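Notes for the one structure printed next.
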Amino acid sequence: MSKNSDEKIKRIVIVGGGTAGWIAAAGLSSLYKSEDLSIRLVESEAIGTVGVGEATVPHIRHFNVKLGIDERDFMQKTSATFKLGIEFCDWNRKGQSYVHPFGAYGEPLGGVGFHHHWVRMRKRGDTRSIDEFSLPVKMSHMARFAMPSPDMRSVESTFSYAYQFDAGLYAAYLRSYAEARGVVRTEGRITGVTQNAQTGFVEAVVLENGETVEGDLFIDASGFRGLLIEQTLKSGYEAWSHWLPCDRAWAVPCKASDANTPYTRATARDAGWQWRIPLQHRVGNGYVFSSGFLSEDAACATLMANLEGAAQAEPKMLSFTTGVRKQQWNKNVVAIGLASGFLEPLESTSIHLIQLAVTNLVEMLPDMRFCDDDRDEFNRIMHLEYERVRDFLILHYHATERDDTPFWDYCRAMTIPDSLAYKMALFRERGVIVNYKDGFFLEPSWLAVYIGQGVIPEGYDPLSERISDEALTRYMADYAGKVSAAVQAMPSHAAFLEQYCPSAVVTRRATAGAV
């Protein structure tokens, strides 16, 4: 049923720029079609943005396709590399590592998931790692890359990919995109907020120069401070720091080495973990840590001592509390990005959660009546998504054998949410991976972290026994051979990038150096 013109939202105001604000501007200007809609983004260059999140998950590709963004152009202008997954080093034990891939392990056989067959053969004495049956894991190990095959019968179709890019360049790219579709940017610091005396709805923001920016719907992309959603509307915050105790992060870029890998690395440290995100023109690095177990100075020293190249800036420190806003949509304000909650970047979910919020908002975009049902459903879905990402992150910390520092002792022994305890128990007992209609991480992701961190099932689906040991041995050898052959035939990640999307940043620097 169509809305009449008096009911339609006509003025959307986005408070804050950066990655979150410009994703909202780009998404709303492209996905919500209305000739009489105006979108205005207010940001202050003096405030700046966090801008350290540079790794993504495959869902960003679908969002870009919806917006009609050309992949090569986008990757060139953001100095992007391809990402096949995340390598986790030293998480279960020091010296051990595994890859969480964006792709499958083997394929179902006889109606039974592959990992059940792998567990069965492991109990028979087969010592092969489950990695031997994952194309993206083997591609990561050998730093190879090629596009997935469209032939679903081919082993080359069994993976997906995401990107690793410069967050500042990405925000600038989306700004150009949004402004070309009518979004108006206003420079200025917000010094006041006007609310309706009866309803409490936000009516306008007031800038330092005295200008008033009025709107019908406000998007709060103001970062941790939550200018509208919290400072103005007091929406409340549900802290999860007792399960995710890291509350600080140092971040610094460094000169790129020759190791242009198609994956992000997360290396466990004494009181948290260090990220490595390789771009075409530099490497992003950071140490996410718990201030309750390590001083800020010691964490910074650890990070700077573990860079692969010369630092390209002074390290920047961020403070945060993991958790989620109790209401991400309150009255006529919708919070996105850091204003809506923060789940540390261990699985690169920040940008996905922003894009998910924008997509859900477009589907439920209110009219001037601001129906409670729309708001409640949005909050329900987004809170559920945050909870399920939360559980997946907790699994990394809790499923460990490390007992070498007080931080890891705490994580190993802590009481976990019932929702996660239930999932872990089912997997330990008989290899069952709990699947939900909603929730980002699918079966292969849970499988990767479970097995990578030593959670091996005691049992397996008895239907696996319908296939003989001999037939299963032949099948597994054949599949592992196909994976190996496919990877051997691929070009290196660096060679593929150079042919497909050489970075505009790198090209400009190379040209300047040749003059």
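Being small (Gly, Ala, Ser), closer than 19 Å to TYR98 by Cβ and not assigned by TED's automatic domain parsing to the domain that holds GLY113 holds for only one residue in ALA480, ALA448, ALA399, and it is ALA399. Within region 112-141, residues that are closer than 28 Å to TYR263 by Cα and in contact (Cβ under 8 Å) with a residue 40 or more places away in the chain reach partners that are outside any loop (DSSP other than H, G, I, E, B) and of a type in the set (Ser, Thr, Tyr) with beta carbons closer than 7 Å, at six or more positions or on different chains, in the pairs HIS116/SER464; HIS117/SER464; PHE133/TYR479; LYS138/SER484. Checked against the criterion of being touching a Gly at 6+ places or on another chain (Cβ under 6 Å) and at pLDDT below 95, region 5-16 has no qualifying residue.
Apart from one condition, ASP403 fits all of (1) free of Cβ contacts under 8 Å to residues at least 12 places away in the same chain; (2) assigned to a helix (DSSP H, G or I); (3) acidic (Asp, Glu); the exception is (2).
In region 277-311, the qualifying residues are those that are of a type in the set (D, E, K, R) and either at pLDDT below 95 or touching a Ser or Thr at 6+ places or on another chain (Cβ under 7 Å) (or both), and the one that is surrounded by the fewest Cβ atoms within 10 Å (Cβ to Cβ) is GLU308.
Selection within region 125-142: residues that are among the aliphatic types (A, V, I, L, M) and surrounded by 17 or more Cβ atoms within 10 Å (Cβ to Cβ). The member of this set that is farthest from ILE456 (Cα to Cα) is MET139. I need the full set of residues from region 341-372 which are touching a helix residue (DSSP H, G or I) at 6+ places or on another chain (Cβ under 9 Å), free of Cβ contacts under 8 Å to residues at least 24 places away in the same chain and in a loop (DSSP other than H, G, I, E, B), in order please. Result: MET364, single match.
Restricting to region 137-164, give me the number of residues that are basic (Lys, Arg) and assigned to a loop (DSSP other than H, G, I, E, B). Going through region 137-164 one residue at a time, the tally reaches 1. The set of residues from region 472-500 being farther than 19 Å from GLU132 by Cα and out of contact with any strand residue (DSSP E or B) (no Cβ under 8 Å at 6 or more places or on another chain) comprises ALA494, ALA495, GLU498, GLN499, TYR500. Out of GLY210, GLY182, GLY223, one residue alone is surrounded by fewer than 23 Cβ atoms within 10 Å (Cβ to Cβ) and either of a type in the set (Val, Ile, Thr) or in contact with a Leu (Cβ under 7 Å, 6 or more places away or on another chain) (or both). It is GLY223. Criterion applied to LEU307, LEU303, LEU233 was being within 26 Å of LYS94 (Cβ to Cβ) and either part of a loop (DSSP other than H, G, I, E, B) or out of contact with any Phe, Trp or Tyr (no Cβ under 7 Å at 6 or more places or on another chain) (or both), and the one residue passing it is LEU307.
Only one entry of MET139, MET152, MET121 meets the criterion of being modelled with pLDDT under 95, hydrophobic (A, V, I, L, M, F, W, C) and either in contact with a helix residue (DSSP H, G or I) (Cβ under 6 Å, 6 or more places away or on another chain) or outside the structural domain of LEU279 (by TED's automatic domain parsing) (or both), and that entry is MET152.
The number of residues in region 312-326 that are buried (at least 18 other Cβ atoms within 10 Å of the Cβ) and assigned to a strand (DSSP E or B) comes to 3. Where strands (runs of 3 or more DSSP E) fall entirely within region 46-136, those with at least 2 residues that are under 25 Å from TYR397 (Cα atoms) are at 85-89, 97-101. ASP216 falls short on exactly one of the conditions (1) at pLDDT 95 or above; (2) not assigned by TED's automatic domain parsing to the domain that holds LEU353, and that condition is (2).
The values are calculated or read from the model by the stated rules, or taken from the named source; none is laboratory data. Being a predicted model, the structure only gives us computed values, none of them experimental. Quick reminder, even Gly has a Cβ in these numbers, built from the backbone with ideal geometry, and neighbours come from all protein chains shown.
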